[in-house]
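Let me begin by handing over the structure; questions about it come next.
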Amino acid sequence: MADIPAIQIKKLAYHYSTSRIIMDKINVTVKENDFIAIIGQNGSGKTTLLKLISGLLRQSKGDIYIRGRNTREMDVAEISGEIGFSMQESDRQLFESTVYDEVAFALKHRGMNENDVKAKVEETLEAVGLLDKRDVFPLSMNRADRVKTVFASILAMGPRILMLDEPVAGQDKRGCRIIMDIIGELHRQNYTIILVTHNLGLAVEFANRIIVMKDAMVFMEGTPGEIFDRTGDLAIAKIIPPPITRLSQSLRKQIPLEKYALMPGELASKLVSLKHKSTTPPQATKLDPQLIHKNPEGAGARVGGEIRGSPPTEPPDH
Ligand SMILES: Nc1ncnc2c1ncn2[C@@H]1O[C@H](COP(=O)(O)OP(=O)(O)O)[C@@H](O)[C@H]1O
Ligand SMILES: [Mg+2]
């Protein structure tokens, strides 16, 4: 089982009858317990790709395999048992009058008995931190709680793969953190996660692989480090790297950073180690003061100057 990918997409093609955009020759492999972030401009095809995987849209060519099973042989209900899909407009997935009923709906529909439904709903609400809101009307709650309700209703169906289409869009900073903490925890519990987001800071923080879509194609694919090293290609895809990466790109013009930093802590420790090198010079400097004059504008000297008195780096704005 370990060698069978969670999802394998081979030569997928699709196009909406009313749209110019044609999705063609998409190849993607998602391994078990991957955390994939899909980024790309609006209209680049992220949602369409997730809808094709979920079976809500059906491809014209190519195949999608979920744990080795071709989705052509599965109906949408079967696929939803394997892949939980929180849609971009996730409020549309809410239609019951209480949080409890929302999560219980599909379980009852599956013919599960009342006691098992109750146990499953409570377990799932507990997992997303919504047990105390079980009797509340879902659409009356804040955005974070509405997204949590959708998460609970898809988790109750028992999938091990989650596709989450912009779950933090429209969230305030706190809501964003709450939702990402839940997603991070689910990933630690071995769920495979596919997250569509415009928040590149989150993509870098959570994902082990990033897919950049452009014009309905998979334009780039790689680890966050590989993706954000390719500044030229990112510019073509009209992706602006996260602030910390941009900062390290500018710093790199002046100081010896081998790689662009992706996280504040990473940049901070690189700067500290450079400062350390510059402020605790090798013994040779003491023995031969002339060395200092040979390279007065040396990188180390400049770094020491630049970071002295700098405020601590803030995390990227989520
Ligand atoms: N239901 C639809 N009918 C026709 N065209 C659509 C439909 N949904 C999306 N499109 C078009 O397909 C392209 C990709 O859209 P989408 O997958 O929603 O992109 P993204 O999620 O990256 O913003 C866009 O050009 C969009 O206008
Ligand atoms: Mg979309």
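The values are calculated or read from the model by the stated rules, or taken from the named source; none is laboratory data. None of the values given here were measured: they were computed from a predicted structure. As a convention, Cβ positions derive from the backbone with ideal geometry for all residues, glycine included, and neighbour counts pool all protein chains shown.
Could you say whether any residue in segment 123-142 is closer than 26 Å to residue 48 by Cα, surrounded by fewer than 21 Cβ atoms within 10 Å (Cβ to Cβ), over 23 Å from the mean Cα position of the chain (by Cα) and in contact (Cβ under 8 Å) with a residue 12 or more places away in the chain?
Within segment 123-142, one or more residues are closer than 26 Å to residue 48 by Cα, surrounded by fewer than 21 Cβ atoms within 10 Å (Cβ to Cβ), over 23 Å from the mean Cα position of the chain (by Cα) and in contact (Cβ under 8 Å) with a residue 12 or more places away in the chain.
So which residues in segment 155-172 are of a type in the set (Gly, Ala, Ser) and either within 23 Å of residue 107 (Cα to Cα) or free of Cβ contacts under 8 Å to residues at least 12 places away in the same chain (or both)?
Passing the criteria: 156, 158.
Check segment 11-22 and report whether any residue there is modelled with pLDDT of 95 or more, within 16 Å of ligand 2 (Cβ to nearest atom) and polar (S, T, N, Q).
no
In addition: Between a first residue in segment 40-54 that is in contact (Cβ under 8 Å) with a residue 40 or more places away in the chain and at negative phi and a second residue that is near ligand 2 (Cβ under 9 Å from one of its atoms) and among the acidic types (Asp, Glu), which pairs have beta carbons less than 6 Å apart while being 6 or more apart in sequence or on different chains?
47/165; 50/165
Then there is this: What's the number of the only condition in (1) assigned to a loop (DSSP other than H, G, I, E, B); (2) under 24 Å from the mean Cα position of the chain (by Cα) that residue 111 fails to meet?
(2) is the only condition that residue 111 fails.
Please go through (1) closer than 17 Å to residue 6 by Cβ; (2) not assigned by TED's automatic domain parsing to the domain that holds residue 227 for residue 128 and return the number of the only condition it doesn't satisfy.
With (1) closer than 17 Å to residue 6 by Cβ; (2) not assigned by TED's automatic domain parsing to the domain that holds residue 227 applied to residue 128, the lone miss is (1).
Can you find, within segment 17-31, the residue that is farthest from ligand 1 (Cβ to nearest atom) among those that are touching a residue at least 12 places away in the same chain (Cβ under 8 Å) and more than 24 Å from the chain's Cα centre (by Cα)? Write out each step before concluding.
The initial filter retains those residues of segment 17-31 that are touching a residue at least 12 places away in the same chain (Cβ under 8 Å), namely 21-31.
Right, trim to more than 24 Å from the chain's Cα centre (by Cα) and you get 21-22.
Details: 21: 4, 22: 9 Å.
So the residue we want is 22.
For segment 252-268, which positions are exposed (fewer than 13 other Cβ atoms within 10 Å of the Cβ) and either at pLDDT 75 or above or assigned by TED's automatic domain parsing to the domain that holds residue 205 (or both)?
253, 254, 265
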